[in-house]
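Enquirer: Let me give you the structure first, and then I'll get to my questions.
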Amino acid sequence: MFTVGCHLSFSKGFMAMAKQTLELGGSGFQFFTANPRGYASKEWSAKDIEAYNAFAPANGIGTAIAHAPYVYNLCAAKDDIRQLSFDAMKSDLQKLEAVDNVVYNFHPGSHVGQGTEAGIALIADALNRMEAGAFKTPVLLEAMAGKGSEVGARFEELAAILEKVENNANLGVCLDTCHVFDGGYDIVGDLDGVLAAFDRIVGLDRLKAVHVNDSKNVLGSHKDRHEKLGEGNIGLAAFAAIVNHPALRELPFCLETPNELDGYAKEIAMLRGLRQ
Ligand code: FE
Ligand code: FE
Ligand code: ZN
């Protein structure tokens with residue numbers, strides 16, 4: 001199954017996102033668990049989730065991606081921000097227990113001057129304390145571009161976090177094509193080499209989702225500015241290789257490109273066209 005879709009607004013719930021996905025020609029989607037810049041998330045409707053759990057598999061919708069708001073930072077320097085992030089993430093995972101076939105993706109965090117080692121330790125400690133590995137929903141660290149003090153731009157950093165979590169069998173990684181390219185991994189010139197490095201350092205069995213974004217910037221720029229597919233420095237030939245690669249092709253692919261819904265529909269069709 002080719003699971004492909006785009007980031008949608010949660011506002012009307014799971015059934016609305018599932019129907020919108022089908023209208024856009026997709027078979028998967030992503031949503032923020034709360035306002036992207038806030039911690040407070042509303043309760044979800046149990047009835048809506050129950051309907052969605054039946055509707056999605058019956059209508060060709062594969063794995064959905066629940067994305068943590070950007071503001072969460074498990075390795076913030078301030079205790080209160082770390083605690084808010086911890087509580088919000090744990091609450092997200094508790095709410096997701098009712099939802100079938102979904103993964104939870106979060107940005108590992110920014111160490112804000114404390115250093116990468118300290119950031120890694122704080123993130124792993126938080127995941128241990130919330131028992132992130134005990135939830136039904138796989139918890140994914142997103143590979144980052146390395147903007148500012150972001151942790152998780154190097155595969156070694158992702159591996160170090162995973163290693164420090166005791167119950168880590170249900171933890172994984174989401175590769176964002178713009179992030180890894182901006183992070184210095186040449187997925188355009190040497191996709192096989194990048195995936196071999198990922199396998200050696202993290203393990204390909206940990207890879208659970210792909211964010212499909214072109215990049216406004218060049219390899220290794222550490223910028224994180226997403227671009228429409230084919231209009232950036234990654235380009236369509238690389239996306240053709242990505243959606244067909246044997247190590248990736250069964251994963252959910254999700255667009256986070258600067259588009260309105262019609263643009264997303266076009267890009268979903270483009271990715272379907274690239275699929276062999
Ligand atoms: Fe993200
Ligand atoms: Fe992303
Ligand atoms: Zn990004």
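Enquirer: Can you tell me which residues in region 166-193 are within 15 Å of ligand 3 (Cβ to nearest atom) and charged (D, E, K, R)?
Expert: Listed by number, the residues that qualify are ASP176, ASP182.
Enquirer: If you check LYS78, LYS95, LYS90, which single one turns out to be free of Cβ contacts under 8 Å to residues at least 12 places away in the same chain, out of contact with any Ser or Thr (no Cβ under 7 Å at 6 or more places or on another chain) and either within 16 Å of ligand 2 (Cβ to nearest atom) or of a type in the set (D, E, K, R) (or both)? So that I can check it myself, show each step before the final result.
Expert: Numbers: LYS95 fails: free of Cβ contacts under 8 Å to residues at least 12 places away in the same chain; LYS90 fails: free of Cβ contacts under 8 Å to residues at least 12 places away in the same chain.
LYS78 is the lone residue from the list that is free of Cβ contacts under 8 Å to residues at least 12 places away in the same chain, out of contact with any Ser or Thr (no Cβ under 7 Å at 6 or more places or on another chain) and either within 16 Å of ligand 2 (Cβ to nearest atom) or of a type in the set (D, E, K, R) (or both).
Enquirer: Follow-up. So in region 111-160, with the set limited to residues that are among the polar types (S, T, N, Q) and under 18 Å from GLY184 (Cβ atoms), which one is least open to solvent (accessible area, probe 1.4 Å)? Please lay out each step first, then the result.
Expert: Step one: of region 111-160, the residues among the polar types (S, T, N, Q) are 114, 116, 128, 137, 149.
From what is left, the residues that are under 18 Å from GLY184 (Cβ atoms) are 116, 149.
Numbers: THR116: 50, SER149: 26 Å².
Restricting to residues being among the polar types (S, T, N, Q) and under 18 Å from GLY184 (Cβ atoms), the top hit is SER149.
Enquirer: Please give the number of the condition LYS42 fails out of (1) closer than 14 Å to VAL99 by Cβ; (2) at pLDDT below 95.
Expert: (1)
Enquirer: Would you please name the residue that is surrounded by the fewest Cβ atoms within 10 Å (Cβ to Cβ), looking only at residues in region 77-93 that are closer than 15 Å to ASP125 by Cβ and basic (Lys, Arg)?
Expert: Restricting to residues being closer than 15 Å to ASP125 by Cβ and basic (Lys, Arg), the top hit is LYS90.
Enquirer: Same structure again: Out of ALA124, ALA209, which single residue is under 24 Å from SER85 (Cα atoms), within 16 Å of ligand 1 (Cβ to nearest atom) and of a type in the set (Gly, Ala, Ser)? Spell out how you get there, then give the answer.
Expert: Values: ALA124 fails: within 16 Å of ligand 1 (Cβ to nearest atom).
Testing whether each residue is under 24 Å from SER85 (Cα atoms), within 16 Å of ligand 1 (Cβ to nearest atom) and of a type in the set (Gly, Ala, Ser) leaves just ALA209.
Enquirer: Out of all the residues in region 253-276, which are closer than 14 Å to GLY28 by Cα, touching an Asp or Glu at 6+ places or on another chain (Cβ under 8 Å) and not hydrophobic (A, V, I, L, M, F, W, C)?
Expert: GLU256
Enquirer: Restricting to region 24-51, name every residue that is farther than 26 Å from LEU248 by Cα and not in a loop (DSSP other than H, G, I, E, B). Can you show your working first?
Expert: At the first step, the residues of region 24-51 found to be farther than 26 Å from LEU248 by Cα are 34-51.
Correct list: ALA46, LYS47, ASP48, ILE49, GLU50, ALA51.
Enquirer: Can you pull out the residues in region 44-62 that are open to solvent by less than 70 Å² (accessible area, probe 1.4 Å) and not hydroxyl-bearing (Ser, Thr, Tyr)?
Expert: In the first step, residues of region 44-62 are kept if they are open to solvent by less than 70 Å² (accessible area, probe 1.4 Å); the result is 44-45, 48-49, 51-56, 59-62.
Within region 44-62, TRP44, ASP48, ILE49, ALA51, ASN53, ALA54, PHE55, ALA56, ASN59, GLY60, ILE61, GLY62 qualify.
The values are calculated or read from the model by the stated rules, or taken from the named source; none is laboratory data. In this text, all values refer to a predicted model and were calculated from it rather than measured experimentally. Neighbour counts run over all protein chains shown; Cβ positions are idealised from the backbone, glycine included. Areas reflect the complete protein model, heavy atoms only, side chains present, ligands, DNA and RNA absent. Shrake-Rupley method; radii C 1.70, N 1.55, O 1.52, S 1.80 Å.
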